[in-house]
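As structure tokens, the structure follows; a few thoughts come after it.
Nothing in this text is a laboratory measurement; each read-out follows from the coordinates by a stated rule. Keep in mind it's a predicted model, so treat the numbers as computed, not measured. Don't worry about glycine lacking a Cβ; one is built from the backbone with ideal geometry, like all the others, and counts go over all protein chains shown.
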Amino acid sequence: MLNRLRCLPGRRWKSNSTIKRFIDENRAIANTTVFQGTLYEHTVMRELQGKLAMTSLQKTGGANDRGVDIRGSWDVAKVFHTMNPILKLDQTEVPARCKLNGVTFKPFRHKLPRETQLKVLVQCKAFTSSKVAPKEFRELLGTFASLVSGPQRNKTAIMMCSPNMLTKDGLSLINSVPMPLIYLRIEMLRLKGADYDIADSGRLLNYYENEYAAQFLQGMGIKEWLKLSMFK
């Protein structure tokens, strides 16, 4: 089940100015799929930065992006250290090793404080109506396998972002793969009159970790961080 987030009052993140500039500079092609796709990527970057403490985000989408639209770093240690005084996460028992789908791995909690960040590879699907099906995830999984070497696979999280829900088959597929995969449902910016409502649309609506990611990130307080809106 996808974790539903509370819709919060609009807040002007620094990247809103980037979104506005992109819209103003590209009004001539505003009805094209290229414009809508790029606008969605900018919206996703804003939400990742503002609500999940991601940094060094770079938009890489293009003809040779190999299926990756955004790259960056995720400061999961910041989330842990913010939530620890509230939830006493350091007193929560986390197994030293987990095994899932034939793969044994160490939860990230046991890597602190030596490691503090994860690399992230993000794919954006600006679908206007259809749900996200297995076909889209297979492309992303192939990208992960080709770009991330074995030693880096527990240092990298892959994410897919779309305005729509997952199909039942899509959900089953992502829970069967031996890699940390997170699905983010982020709405597209809505028109308000003749312009886009940058402040009050394009929000992160759902956050879902596949079974591997849920075990890998257990005890980090990420879901609680989102539910309690600690990013404000």
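Arrange Asp69, Asp195 by Cβ neighbour counts within 10 Å, fewest through most, would you?
Values: Asp69 25, Asp195 12.
By the 10 Å Cβ count, ascending, the order reads Asp195, Asp69.
Would you kindly derive the ³J(HN,Hα) couplings of segment 66-73 from the backbone phi angles with the Karplus curve 6.51 cos²θ - 1.76 cosθ + 1.60 (θ = phi - 60°), listing them in order in whole Hz, with x for Gly and Pro?
Taking θ as phi minus 60°, the curve returns 6, x, 9, 9, 9, 10, x, 10 Hz for segment 66-73.
Show the residues, 5+ positions off or on another chain, whose built amide H is closer than 5 Å to the amide H of Asn26.
Residues meeting the criterion, in which the H sits 1.01 Å from N, do not exist here.
Whole Å is fine, so just give me how far the alpha carbon centre of segment 108-127 lies from that of segment 173-232.
Comparing the Cα centres of segment 108-127 and segment 173-232, I get a distance of 13 Å.
With Rg and Dmax of the Cα atoms in Å in mind, check (1) 17.3, 60; (2) 17.5, 56; (3) 19.3, 63 and report the label derived from this structure.
Derived directly from the coordinates: (2).
Between Leu205 and residues 5 or more places away or on another chain, which pairs have amide H atoms under 5 Å apart, with H built 1.01 Å from N, and which residues are they?
Under 5 Å from the amide H of Leu205 lie the amide H atoms of Arg185, Ile186, Glu187, each far enough along the sequence or on another chain.
For segment 212-220, what does the Karplus curve 6.51 cos²θ - 1.76 cosθ + 1.60, with θ = phi - 60°, yield as ³J(HN,Hα) per residue in whole Hz, taken in order and with x for Gly and Pro?
Working through the residues one at a time gives 5, 4, 4, 6, 5, 9, 4, x, 9 Hz.
Just grab the label-to-label distance for Ala194 and Lys227, each label 7 Å out from Cα along the Cβ direction, in nm (one decimal).
4.5
How much length is gained on full extension from Glu25 to Asn101, taking 0.36 nm per residue of separation minus their Cα-Cα distance? List each step's numbers first, then the result.
On the way: separation 76, 0.36 × 76 = 27.36 nm, distance 4.73 nm.
Here the segment from Glu25 to Asn101 would lengthen by 22.6 nm.
Check which residues have an amide H placed less than 5 Å from Gln218's amide H, if you skip close sequence neighbours.
Phe108
Give a residue-ordered list of calculated ³J(HN,Hα) values for segment 30-37 (Karplus: 6.51 cos²θ - 1.76 cosθ + 1.60, θ = phi - 60°; whole Hz; x for Gly, Pro).
Couplings: 4, 8, 8, 5, 4, 4, 5, x Hz.
Antiparallel versus total DSSP beta bridges in the chain: what percent is that, nearest 5?
Details: 21 of 33 bridges.
Around 65 percent antiparallel, to the nearest 5.
Using Cβ counts within 10 Å as a stand-in for footprinting exposure, how do Ser172, Ser201 rank, fewest first? Kindly include the intermediate steps, with their values, before the conclusion.
Working: Ser172 11, Ser201 16.
So the residues, fewest neighbours to most, are Ser172, Ser201.
Roughly how compact is segment 30-123, stated as its Cα Rg over 2.2 N^0.38 Å to two decimals? All intermediate terms of the calculation are to be shown ahead of the outcome.
Numbers: Rg = 17.1 Å, N = 94, 2.2 N^0.38 = 12.4 Å.
With N residues counted in segment 30-123, Rg over 2.2 N^0.38 Å equals 1.39.
Among 22-30, 207-215, how do they line up by average Cβ neighbours within 10 Å per residue, starting with the highest? Before the final figure, lay out each step's value.
Working: 22-30: 11.7, 207-215: 20.8.
My ranking of the peptides, most packed first, is 207-215, 22-30.
Given the pairs Lys59/Lys168; Lys155/Lys223; Lys20/Lys59; Lys119/Lys223; Lys111/Lys223; Lys51/Lys223, which are separated by over 23 angstrom at their Cα positions? Present the calculation step by step, with values, prior to reporting the outcome.
Working: Lys59/Lys168 30 Å; Lys155/Lys223 19 Å; Lys20/Lys59 16 Å; Lys119/Lys223 19 Å; Lys111/Lys223 19 Å; Lys51/Lys223 11 Å.
In this structure, Lys59/Lys168 lie more than 23 Å apart at Cα.
Mean residue ellipticity at 222 nm from the helices of the chain, using -39,500 (n - 2.57) per DSSP H segment of n ≥ 4 over the full residue count, to the nearest 500 deg cm²/dmol? Could you put the intermediate results ahead of the total?
On the way: 7 runs with 75 residues, N = 232.
Taken over the chain, the calculation gives -9500 deg cm²/dmol.
Starting with the fewest neighbours, write out His81, His42 ranked by other beta-carbon atoms found within 10 Å of each beta-carbon. Write down the numbers at each step before the final one.
Working: His81 16, His42 22.
Fewest to most other Cβ atoms nearby, the residues stand as His81, His42.
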